[in-house]
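Reviewing the structure listed below.
The values are calculated or read from the model by the stated rules, or taken from the named source; none is laboratory data. The structure presented is a predicted model; accordingly, all values stated were derived computationally and were not measured. All Cβ positions, glycine included, derive from the backbone under ideal geometry; neighbour counts span all protein chains shown. All accessible areas refer to the heavy atoms of the entire protein, side chains included, with ligands and DNA or RNA removed. Shrake-Rupley method; radii C 1.70, N 1.55, O 1.52, S 1.80 Å.
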Amino acid sequence: MSDWKPQYRRWKGQSVSLWKRRFSIARYGLRLCLAGKAIRAFLFLSFSQLVFLCAVFIIFGQLVTPGSVLVEWIQSKSGERTGTIINGLSSWALLYPEIFVDGIYRIGFFFIKYASMPLTLVIVALFVHKLIAQDLASQAIVIYNSKALTRWDYLTGKFIVVATILSLIWILPIIASWIIGNALSPDWAFFYHSLPSLMRGLLVGAIAVSSLSLIALAVSSLAQKTGTAIAYWILGWVILSSLASLSQFINPAFDYINPFAAIDTLSSAIFRMDSFISEAQSTIPFIDQAIARISDLDLDKIPATDGSIIVPSLFLATLSAISILIINRRTATS
Amino acid sequence: MAESPVIETSGLRKRFGSQTVLDGIDLALPRGSIGLLGPNGAGKSTFIKCLLQLLDKDEGAVSLLGKDIDRFGRETRMRIGYAPEQDCHIPGMLGCEYVTYCGELSGMPFEAARQRAHEMLDFVGMGQERYRKVDTYSTGMKQRVKIAQALVHDPDLVFLDEPTNGLDPSGQAMILELIERIWKDSGISIVLSSHLLHDVDRICERIVIIANGQVVAHDTLAALKQKRKAEAEVVMQKGRDDFIKALGDQNWTFRILNNGNIKVEHGEASLNPLIAFMNERSFSPLEIKESPDALNELYLQALKRGRS
């Protein structure tokens, strides 16, 4: 101890903004949450959605481009006649870009939720304990609260962590595939024609990411030990799904107690596949009969048209509000 | 012009259910090294947590560094450091990462926080251990890293809650030396909360004694040490009866203790008049025990109140 001569020097630097402090929490949280191999593997799996969508959009773009690499390859393999048929079909499709271009993107973005939902369940289970549960268990929450931050700054940082990871599943594939697909399309007007689908996809993604992030934070804040947070997350979904299944005996609206059911219905309402089909039926010759043969769709039963969009929205808003109350209560005392 | 207090509380009250943990605390503490002394459960940690808004107070007003915490809580905490009593590290972080991160949370840019973290780890005497995970640290290292994180952003006021808990005597001495230097070298005001009189006595200039959620005493260490009851305990082997008679003649009140010693209320600031009196009459005591100073006495009272 005799050799030890502590020297203290004052610091005269400029402090950073509040948002930078919140992003410091988010940056560290992301590093911690993405540290495991399992989560990286599942995120890689979620990128397969992106690859699949890109492939569909690129192939579509190639097929509607006369003389494209793909069309020439098909011609070389199947003969001149097939090439002529493809060229005819693509010319016909390009007469209705608002239907065909928007349609292919709308269908692609609509169905992405069926992969995103199970991926969300698994991926959040892999990191939910590292959000708030770990800080409560180790009492690190005291350190956060004693710094130049409020509880809401801390929670904002944590929300950014979950929202960023969930955006990789729900939003990144939509934005990236839209950019790549359109950039490689024959006509840059495709950007314009597919923009409504992008907006619909982003809206569904934003709703899913924000509500699921709040639920994940609430589950994490409920656990006193890190292990129990994972158990709560899995058990929570099992219980909510079981309760939702009772809807057939109680009230159909009770199905929305399962957030995925609410998101599913909202997605159907936002993408308005009904109006898309109606428009296609009324605009494009032959489509009407073709759809009538393959689908028994009853337009009146689609949520957006009968006003029942309010019920899933209310359920999702209520679940989010309950989550905020839980998080607030659990992180209030140090 | 008088310097504004670094801590000012008025009617600070905190209850947990039916139990009142802080019972209307009024304090105005100037800059310096302040000792918050009291038995376990006296309300010291709760007091600090209320000041830092880690707990919501029920009543009262609090100003830190001249600013009302209800209005400027976040801005005020930017200038305050806190080393809590319990372990509160972030699992999986290296020591230097942890201190850097705490600097960033306090508003420092990353590069500055990293550089400053290493300076503070040097300051608290951490060597290569800084590259180990905090989870693996010994109690002494954890205490030091807690102090480093409290100082990393160069605060004007630091709260240290029981910083010598769980340390061996050499570890305690080192931590106390470190804390002493924080105030003496840098002028950063410190509030050292402890249930150990020795810790506070050694490094603090001002003492606040808390018991049962109330301030029992608040003064400078020097003043508390000067304050003594004007009495002494005299141990006599020979001439005890003559001494008692002489005390009666002098009109000094006295009483005979159970151990046979004589407690004399001499009414003077020092023992000199009593010694002179005994010299004049050739009394040869075995020992003259001065009454304990106010610090000791008040602390003992606080301990008793805490137990009751």
Globularity ratio of the range B:7-226, using Cα Rg and 2.2 N^0.38 Å: 0.99
Can you give the Kirkwood hydrodynamic radius of the range B:9-119 from its Cα pairs, in Å with one decimal? 15.9 Å
Quick check: at a probe of 1.4 Å, how many percent of the accessible area of the range B:232-291 sits on carbon and sulfur atoms? 42 percent
Dividing the Cα radius of gyration by the Kirkwood radius, what Rg/Rh value follows for the range B:131-267? 1.21
Would you look at the GNM of chain A, springs on alpha carbons closer than 10 Å, and say which of A:Arg106, A:Arg22, A:Arg81 moves the most? A:Arg81
Rounded to the nearest 0.05, what FRET efficiency is calculated for A:Leu243 and A:Met199 with R0 set to 30 Å and r the Cβ-Cβ distance? 0.35
Filter on A:Lys225/B:Lys184; A:Lys147/B:Lys184; B:Lys184/B:Lys289; A:Lys20/B:Lys14; B:Lys14/B:Lys146; B:Lys57/B:Lys142 - keep pairs with C-alpha separation over 32 Å: A:Lys225/B:Lys184; B:Lys184/B:Lys289; A:Lys20/B:Lys14
What percentage of the solvent-accessible surface of the range B:7-226, computed with a 1.4 Å probe over protein heavy atoms, is contributed by carbon and sulfur atoms? 45 percent
Give me the 1.4 Å probe accessible area per residue for the range B:7-226, excluding ligands and nucleic acids, in Å². 34 Å²
Label-point gap, in nm, between A:Ile179 and B:Ser284 - each point 7 angstrom along Cα→Cβ: 10.0 nm
Intensity falloff of chain A expressed as log10 I(q)/I(0), Debye formula with alpha-carbon point scatterers, at q = 0.08, 0.14 Å⁻¹: -0.51, -1.14
For a test of the definition: using alpha carbon positions, the gyration tensor, and the 1.5 limit on a/c, classify the range B:232-291 as rounded, prolate or oblate. rounded
Considering only A:Leu95, A:Leu172, A:Leu184, give the residue with the highest GNM mean-square fluctuation for chain A, with springs between Cα atoms whenever their separation is below 10 Å. A:Leu95
What is the log10 of I(q)/I(0) for the range A:198-280, computed with the Debye formula using one identical point scatterer on each Cα and no solvent, at q = 0.19 Å⁻¹? -0.93
Gyration tensor on Cα atoms of the range A:140-268, a ≥ b ≥ c root eigenvalues, a/c under 1.5 rounded, else prolate if a/b beats b/c, else oblate, says oblate
Which of B:Gly239, B:Gly267, B:Gly38 moves the most in a Gaussian network model of chain B with Cα springs under 10 Å? B:Gly239
Does the protein assembly as shown classify as rounded, prolate or oblate by the C-alpha gyration tensor (a ≥ b ≥ c root eigenvalues; a/c under 1.5 gives rounded; else a/b over b/c gives prolate, otherwise oblate)? prolate
Which percent of the accessible heavy-atom area of chain A goes to carbon and sulfur, probe 1.4 angstrom? 67 percent
Summing both sides, how much accessible area is buried between A and B? Use a 1.4 Å probe and give Å² to the nearest 100. 3900 Å²
Counting only DSSP beta bridges fully inside chain B, the antiparallel percentage to nearest 5 is 65 percent
Placing +1 at every Lys and Arg Cβ and -1 at every Asp and Glu Cβ, with all other atoms neutral, what dipole size does the protein assembly as shown have around its Cα centre, in debye to the nearest 20? 740 debye
accessible surface per residue for the range B:232-291, probe 1.4 Å, DNA/RNA/ligands not counted, whole Å² -> 62 Å²
Could you run the Karplus curve 6.51 cos²θ - 1.76 cosθ + 1.60 with θ = phi - 60° over the range A:38-52 and give me ³J(HN,Hα) per residue in whole Hz, x for Gly and Pro? 4, 5, 5, 4, 5, 5, 4, 5, 5, 5, 5, 4, 4, 4, 4
Relative to the first principal axis of the alpha-carbon coordinates of chain B, what is the inclination of helix B:169-186, with its axis defined by its Cα atoms, in degrees from 0 to 90 and to the nearest 10? 80 degrees
Restricting to DSSP loop positions (anything but H, G, I, E, B) with no more than 11 other Cβ atoms inside 10 Å of their own Cβ, which GluC sites (Glu not before Pro) remain in the range B:158-264? none
Magnitude of the charge dipole, chain B, Cβ model with Lys/Arg +1 and Asp/Glu -1, debye to 20: 440 debye
